[in-house]
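First comes the structure, then the notes that go with it.
No value in this document is a laboratory result; all are computed from the given coordinates. If you're wondering where the values come from, they're calculated on a predicted model, not measured in any experiment. Cβ placement follows ideal geometry from the backbone for every residue including glycine, while neighbour counts extend to all protein chains displayed.
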Amino acid sequence: AAATQGVTELETIVAVGDRGRGVIPPCGRCRQVLQDYFPSIRVIVGPADGPRVVPIGDLLPETYVWADHQIDPVPAPRPGD
């Protein structure tokens, strides 16, 4: 929602669950969107030993990079080439 409203910078985000679940990590889809639009964002997660702040890349290791999908595809060879 932030990106669609023209937000270009977010520093930190936190997800909080309903029914008393407290601080929860964002879902996989949200993690990928955050990585795509705000690659330097930090995410508050918990609890383990308590809430802590981690880079989004730590929550989504070995992800693709959105910019990789912006590259022009290499044309397939034509028969006889």
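Annotations for the structure displayed:
- Computed extension gain for residue 15 through residue 36, at 0.36 nm per residue and net of the alpha carbon distance, reaches 5.8 nm.
- The trypsin sites (Lys or Arg not before Pro) of region 1-60 that DSSP puts in a loop, and whose beta carbon has at most 15 other beta carbons within 10 Å, are 19, 21.
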